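My structure is below; once you've seen it, I'll send some questions.
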Amino acid sequence: MATLVRTQRSYIVEQTDNPNHWQEQLVVLSQDHDVVLLTGHRDQLIALLLSPQTGILREWQLTGNLSGVPRPSDFGVGSSLAAERILNDTVPSLSWNSEEHVERRVHGKGVFLYPLGPVRADVAESLMYRLQVMGDEIIRLELLNGFKKRHIREMAQGKAVTDGIALAQRVTGTSAFAHGLAYCLAVENALKIDVNAEVMLTRMIMAELERSYSHLGDLAALSVSTGLPVPQMEYLHHKESILRLNFRLFGHRYLRDVLAIGGMRVPNSLFQDNVAMVGREIVEILDDIHRIQDGLENTTSFLDRLHGAGTIPKATIEFVRPVGPTGRSSGRVCDMRIIRPYLRYPETDLAPPLESGADSYARFSVKAIELKHSLGILRRLIGGWNPGVLRSLAGLEGKSEIDDDVAVGVGIVEAPRGLLVYRVMVNPRSLTIDHLDMATPSARNWYVVPPAMANKNIMQDFPIIEASFNYTVAGWDG
Amino acid sequence: MYYWHWLRNIGRRSYTTGFPTQKDLTVEKMLHDDDSGIQPGAMPARYIRRAMAIRQLDSGSCQGCESELTLLSGPDYDFTRYGFSFTPSPKHADILVVTGVITEAMAPIIREVYEQMTDPKRVVALGACAISGGLFKTAPGVIGSLSGIIPVTLSIEGCPPSPGDIIRGLLWAVDGHDPCLVQEAT
Ligand code: SF4
């Protein structure tokens, strides 16, 4: 029979042969916690749980055979949630997936299967949609992913901790910095490295730059899905402006190769630019964004297509607990910058938007407001930013002081698409990665797409709903 | 407010860069570091006139290369001025642009898409991942380079290659010579 153990202190919470007792434990866990990660390490299964109220992260370890133990999805974690799939892939012996699992289908007169993908749309990631339609109405959607697995978790094993950054930054292109940051925070947490305030400020500036360009890209995709190329072009132009800004400041358009564990690898280009001028440019972009958004808010053809399209059913919201802009547009308070402040976010008076419509319009509106907030934060931060101080900073040098076989660390950030968690086990002596886990926002949020799509929408709404979510398949497949 | 923007836009220079046929320092700075950015492979003897439809195929990318490709249709690069456009159908496509590492699951699909395209056709390997597998060369289920699967006309280095690199590479693949040479001649 399985046991539930609190790790680190090896505090045994529950060890019983009574499956009912098990159920009670899991219910308690999943009701006031967000399960962020559930994965196998060797022959153990580890669940990381985050309490939405306190933001405290707890780590639980399950050992042994899982037969007879209820699957987490029975208690509020989606039946096909990534965690269970990961577990199935990594430790098949410890998984809930039964062999007699049959694919559910809708049958009937006039029901057609509309396969779409994996090669689809103009520029798109590989993902297979199987739409079942009746006339124009979408009555069921099935997603098939896994075409582009790069096995990043396995790739990280045995690598030097400093090499892990490059790998983490290649999980998702438009959240490259957030991934690198979460990884660095996890390693710094494991090795007990403190970073100074100036590094934190620079990291924050980069994180907000990334959120801005990522949201701009999402909004551009949404505008063109409703047939409005003018705002699309304007958003794309601003996205390009921010990418150029990234390049001028940090030497890379997608902010790669700058992070280092315990510090920053400061590029020479940082000092050639006039920081005051960057501030002015951001104000200009912010002004223009206000104008474009006012325009869209007054375009009825745009609003008509968005209102009520792709509403996520209430049960799905409770079941999957979406994170990021999707979560905030369905009434969930889930901004990690507030719930579990990191870097220097407590110093900013951040007030994330909250909508409850859970439809495409709510998602548009949340992203639009967040974009303005991010640019606002950037404008304020850049005023007090002195990159000259960074020059003297070195990253991780030599060996760490911890004299142990393994050190575990967790890094939690709010990526542009939501809650992103990394958990690393490093060997402090050789400074190599023993094990790497990550929970990406896309891996979780994709599960709201099928129920939202099959919720009284017609085929013509499909591209709009898809663009309003705009998750990445790369982050899902990993 | 509206008229002010209208007037300002009249006075403003166009966002669109003249690169690669004209000089543009901002874009050129962002190009791949050295001159090895673009590696032409086996160039076909027959050249096509320009009205090129591009089919993009993701076989395991991080979505960074896609992000740069989408920017090509934006006002800063506006690749329609050279006659390029994206197409959803391989049957309409003249150029196949492959991004990301080649996974075992996608390899047969890549071959299929290539077969479906009508002659004459070009294949462009975009980004370090598609060219050699990049960081994921040794990952399980990753085959390696695109050229091992279908004939590649040209490779564009970078992670991701900047839109400037991509435009230059696309024109090179179509015309058979480096478009930047035009810039030096004038
Ligand atoms: S080349 Fe770089 S940007 Fe392009 S898919 Fe690979 S990792 Fe991503």
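The values are calculated or read from the model by the stated rules, or taken from the named source; none is laboratory data. The structure displayed is predicted, hence computed values, not measured ones. Positions of Cβ are generated from backbone atoms using ideal geometry, with glycine treated the same way; all protein chains shown enter the neighbour counts. Areas reflect the complete protein model, heavy atoms only, side chains present, ligands, DNA and RNA absent. Shrake-Rupley method; radii C 1.70, N 1.55, O 1.52, S 1.80 Å.
Shielding by partners for A:162-174, please: the mean number of other protein chain Cβ atoms within 10 Å of each residue's Cβ.
Partner-chain Cβ atoms within 10 Å, mean over residues of A:162-174: 3.
Place a point 7 Å from Cα of A:His307 in the direction of its Cβ. Which residues in segment A:356-370 have their backbone N less than 13 Å from it?
Under 13 Å, as judged by backbone N against the label point of A:His307, lie A:360-362 of segment A:356-370.
Order B:103-112, B:90-99 from most to least packed using the mean count of other Cβ atoms within 10 Å.
In descending order of packing, they fall as B:90-99, B:103-112.
Still on this model: Give the value in nm², to one decimal: projected area of the alpha carbon convex hull of segment B:18-185, averaged over all directions.
Averaging across all directions leaves 9.1 nm² for the Cα convex hull.
Per-residue counts of other Cβ atoms within 10 Å, averaged by peptide: what ranking do you get for A:107-113, A:309-315, highest first?
Ranked from most to least packed, the peptides come out as A:309-315, A:107-113.
Over every pair of different alpha-carbon atoms in segment A:199-276, take the mean of 1/r and invert it; report that Kirkwood radius in Å.
13.5
Using a basic spin-label model with each label point 7 Å from the Cα along Cα→Cβ, how many nm lie between B:Ala107 and A:Lys314?
It is 5.1 nm.
Going out from 0 in 10 Å bins, what whole percent of all Cα-Cα distances in segment A:152-477 drops into each bin?
Binned Cα distances yield the sequence 6, 27, 33, 23, 10, 2, 0.
A follow-up question, please. By how many nm would the segment from A:Lys456 to A:Ile402 grow when fully extended, if each residue of separation counts as 0.36 nm and the alpha-carbon distance is taken off?
Net length gain for the segment: 13.7 nm.
Further, regarding this structure: Among A:184-195, A:203-214, A:125-136, what's the highest-first ranking by average C-beta atoms within 10 angstrom per residue?
A:203-214, A:184-195, A:125-136
As an exercise, use a Förster radius of 35 Å and the Cβ-Cβ distance of A:Glu297 and B:Arg50 to find the FRET efficiency, rounded to the nearest 0.05.
On the way: r = 40 Å, r/R0 = 1.13.
It comes out at approximately 0.30.
For A:Val449, A:Val230, B:Val152, give me the order by solvent-accessible area with a 1.4 Å probe, most accessible first, ignoring ligands, DNA and RNA.
Numbers: A:Val449 5, A:Val230 100, B:Val152 25 Å².
Result, largest first: A:Val230, B:Val152, A:Val449.
Chain pair A, B: how much accessible area is buried, both chains summed, with a 1.4 Å probe, in Å² to 100? Before the final figure, lay out the partial values.
Details: alone 20370 and 10150 Å², together 26810 Å².
Chains A and B together bury approximately 3700 Å².
Work out the mean other chain Cβ neighbour count within 10 Å for the residues of B:154-164 and drop it here as an integer.
Working: counts 0, 0, 0, 0, 1, 8, 6, 0, 4, 3, 0.
The per-residue average across the peptide is 2.
How big is segment A:140-281 in terms of Cα radius of gyration and Dmax, in angstroms?
Every Cα atom of segment A:140-281 included, Rg and Dmax give 17.5, 55 Å.
Which of the pairs A:Lys372/B:Lys137; A:Lys314/A:Lys367; A:Lys148/B:Lys121; A:Lys192/A:Lys239; A:Lys109/A:Lys314 have their Cα atoms more than 31 Å apart in this structure?
A:Lys372/B:Lys137; A:Lys192/A:Lys239
Classify segment A:261-382 as rounded, prolate or oblate from the Cα gyration tensor: take a ≥ b ≥ c as the square roots of its eigenvalues, call it rounded if a/c is under 1.5, otherwise prolate when a/b beats b/c and oblate if not.
Oblate, since a/c reaches 1.5 and b/c is not below a/b.
What's the extension gain from A:Glu347 to A:Arg280 if we count 0.36 nm per residue and subtract their Cα-Cα distance?
Result: 21.9 nm gained on full extension.
Taking R0 as 25 Å, what's the FRET efficiency between B:Leu25 and B:His5 from their Cβ-Cβ distance, rounded to 0.05? Don't skip to the answer; put the middle values down first.
On the way: r = 28 Å, r/R0 = 1.10.
E(calc), rounded to 0.05, equals 0.35.
Could you check the spin-label model distance between A:Val111 and B:Leu181? Points 7 Å from the Cα along Cα→Cβ, value in nm.
About 6.1 nm, to one decimal.
Report which residues of segment B:103-143 become buried by 20 Å² or more of accessible surface when going from the isolated chain to the complete set of protein chains (1.4 Å probe; DNA, RNA and ligands ignored).
B:Thr103, B:Ala105, B:Met106, B:Ile109, B:Leu135, B:Phe136, B:Ala139, B:Pro140
With label points built 7 Å along Cα→Cβ from the Cα atoms of A:Asp163 and A:Asp122, find their separation and express it in nm.
If labels sit at A:Asp163 and A:Asp122, their model points lie 4.0 nm apart.
While we're on this one: At 0.36 nm per residue, minus the direct Cα-Cα distance, what do A:Leu144 and A:Ser356 gain on full extension? Give it in nm, one decimal, please.
Working it through step by step, the gained length comes to 73.4 nm.
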